[in-house]
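Take a look at the structure below.
The values are calculated or read from the model by the stated rules, or taken from the named source; none is laboratory data. Treat the numbers as computed from the prediction; the structure is a model and nothing was measured. Positions of Cβ are backbone-derived with ideal geometry, glycine not excepted, and every protein chain shown enters the neighbour counts. Heads up: the accessible areas ignore ligands, DNA and RNA and are worked out on the full protein's heavy atoms, side chains in. Shrake-Rupley method; radii C 1.70, N 1.55, O 1.52, S 1.80 Å.
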Amino acid sequence: MQEVIRLGEGLLDKPEDIAIDKDGILYTATRDGWIKRLHKNGTWESWWHVESEGLLGLTVTQAGDVIVCDAENGLLKVNEDGVEVLVSHFNGSKFRLADDVIESSDGTLYFSDASTKFSLNEWHLDVLEARPHGRLLKYNPRSKETSVVLDKLAFANGVALSADQDFLVVCETWKFRCLKYWLKGDTKGETEVFIDNLPGTPDNINLAPDGSFWIAMLQLSHPRLKFVHGSRIVKRIVATLKVSKLWIFGAHKKAMVVNVSSNGKQIKRSFDDPTGQVMAFVTSVLEFEGYLYLGSLQTNFIGKLPLNST
């Protein structure tokens, strides 16, 4: 990632995810509650502000609306008219960690709820407990109904649709894998492993122009994970430490993204920054017009990496 171009440096507070609309306008949401966009002429606009420190994944719909996951306030719809909360509760309970969202061709919104037990500020406790509190849900904008697609997921994170939209992929961060959920065909409603044993824990995932998938991966250390999970006492000690988010097993010092084939059987390309000198804690990767756009919870910019020269 040594050739990364820094976009909006100093203007963005930990931009976790990126979306680009049909006109090439780039959108991102930041920790200070701003939804900002980068116009084709290179100018940044502070578009809308939300009273939240938990804006995460976002996508642009066919109608041109921006759907944003607010960790605790659910799905937000943003357009020139303002900000509207689409859904903030499910079965009487408020969301704790709404994470990523994608729209299908019929307008259905599929979104992940990373943990039903821990909030965004407590996400490290989810990996310490090592129990599956995540789920994948769908929201029907016509009926305004929300339903569960999959539950008992190990920190449900990024969500993406295949090129033909015959299946959906959801990342299970703590299991170092992604699942495939079939939406069409004889296997409709069935779930299988899309790819596992990844060289990092998958965060966000996006469809590439050629039908493959780009996955951003946090570089968690296997030895440290095994050591902590091997002792209840150690887990309790780590959970009480103020630095517990940063033991994050070295994730704040590294970065990696991989390109996975459309069937999940092969890692085709990968880029990394093993020391975090240029980028670290990369949480999203999106390919557009020959470049990779990289979001991160450790930077004040979005990375732009030229693919042709790598």
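Quick look at the values:
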quantity: Residues of region 119-146 classified as open to solvent by 60 Å² or more (accessible area, probe 1.4 Å) and touching a strand residue (DSSP E or B) at 6+ places or on another chain (Cβ under 8 Å), total; calculated: 4
quantity: Cβ pairs under 8 Å, 6+ apart, first in region 101-118 and farther than 19 Å from Ala154 by Cα and open to solvent by 10 Å² or more (accessible area, probe 1.4 Å), second in a strand (DSSP E or B) and small (Gly, Ala, Ser); calculated: Ile102/Ala160
quantity: Any strands (runs of 3 or more DSSP E) falling wholly within region 172-278 and containing at least 2 residues that are open to solvent by 40 Å² or more (accessible area, probe 1.4 Å), modelled with pLDDT of 95 or more and farther than 29 Å from Asn300 by Cβ; calculated: 177-182, 191-195, 267-273
quantity: Residue in region 32-47 that is over 23 Å from Glu122 (Cα atoms) and of a type in the set (Val, Ile, Thr) present; calculated: yes
quantity: Top-ranked residue in region 60-78 [being touching a residue at least 40 places away in the same chain (Cβ under 8 Å) and of a type outside the set (Val, Ile, Thr); ranked as most open to solvent (accessible area, probe 1.4 Å)]; calculated: Gln62
quantity: Residue under evaluation Ser88, criteria (1) out of contact with any Gly (no Cβ under 8 Å at 6 or more places or on another chain); (2) open to solvent by 20 Å² or more (accessible area, probe 1.4 Å), criterion not met; calculated: (1)
quantity: Total residues in region 23-48, condition of a type in the set (Lys, Arg), free of Cβ contacts under 8 Å to residues at least 24 places away in the same chain and more than 18 Å from Pro306 (Cα to Cα); calculated: 1
quantity: Among the residues listed as Asp81, Asp106, Asp70, the single one being closer than 24 Å to Leu183 by Cβ and not hydrophobic (A, V, I, L, M, F, W, C); calculated: Asp106
quantity: Leading residue by the ranking (nearest to the chain's Cα centre (by Cα)) among those in region 104-162 that are of a type in the set (D, E, K, R) and closer than 23 Å to Ile18 by Cβ; calculated: Asp113
quantity: Within region 150-160, tally of residues that are buried (at least 20 other Cβ atoms within 10 Å of the Cβ) and assigned to a strand (DSSP E or B); calculated: 6
quantity: Residue in region 87-108 that is under 14 Å from Glu172 (Cα atoms), part of a strand (DSSP E or B) and basic (Lys, Arg) present; calculated: no
quantity: Checking Gly57 against (1) touching a residue at least 60 places away in the same chain (Cβ under 8 Å); (2) of a type in the set (Gly, Ala, Ser); (3) assigned to a loop (DSSP other than H, G, I, E, B), the condition it does not meet; calculated: (3)
quantity: Tabulated pairs, region 178-190, first at positive phi, second among the charged types (D, E, K, R), C-beta under 8 angstrom, 6+ apart or interchain; calculated: Gly185/Asp166
quantity: Gly295 being closer than 24 Å to Leu38 by Cα, assigned to a strand (DSSP E or B) and in contact with a Pro (Cβ under 7 Å, 6 or more places away or on another chain); calculated: yes
